[in-house]
Amino acid sequence: MNKLFTPYDLSGIELTNRVVMAPMTRTRTLNNVPNEFTAEYYAQRASAGLLITEGLPISDEARGYLYTPGIYADEHLPGWRQVTAAVH
């Protein structure tokens, strides 16, 4: 347990600690577009050593349930840029 909060080199990626958050899907989007709520969710958890984003639908037909952010349309990209900026 004493190593949990120590830095770790993950094949050249320097992590501040050894905490890893697994992928998860959040139903926080309207119209399936990542928004400020998606960015806030990930920003609140950005202190984990490694934050792996959710499994994203790559088409509308691939969506498992409602209100999950996609990554298959141009309108999704600005939302994911907002998320990326929030966690960095």
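The values are calculated or read from the model by the stated rules, or taken from the named source; none is laboratory data. All values reported here derive from a predicted model rather than from experimental measurement. Backbone-built Cβ (ideal geometry, glycine too); neighbour counts: all protein chains shown. What goes into the accessible areas is simple: the full protein's heavy atoms, side chains included, and nothing from ligands, DNA or RNA. Shrake-Rupley method; radii C 1.70, N 1.55, O 1.52, S 1.80 Å.
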note = Dividing the mean separation of Cα pairs under 8 Å (6+ apart) by the residue count of the range 11-60 yields a relative contact order in percent of 53 percent
Of all accessible heavy-atom area on the chain, the percent that carbon and sulfur account for (1.4 Å) = 57 percent
query = Which value, in Å³ per residue, describes the convex hull spanned by the Cα atoms of the chain?
reply = 107 Å³
key: Amide proton proximity set for residue 50, modelled H, under 5 Å, gap of 5+   = 19, 20, 21
query = Averaged per residue, what accessible area in Å² does the chain show with a 1.4 Å probe, protein chains only?
reply = 67 Å²
inquiry  = Net charge around residue 68, counting only other residues with Cβ within less than 10 Å of its Cβ (Lys, Arg = +1; Asp, Glu = -1)?
reply    = +2
task = For the range 1-41, build the charge dipole from Cβ charges (+1 Lys, Arg; -1 Asp, Glu) around the Cα centre, then report which of 12, 33, 23 sits farthest towards its positive end.
result = 23
Note, ³J(HN,Hα) from phi for the range 51-61, Karplus 6.51, -1.76, 1.60, rounded to Hz, x at Gly and Pro = 10, 9, 6, 6, x, 9, x, 9, 7, 5, 5
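Of 28, 63, which has the most accessible area and how do the rest follow, probe 1.4 Å?
Greatest to least solvent exposure: 28, 63.
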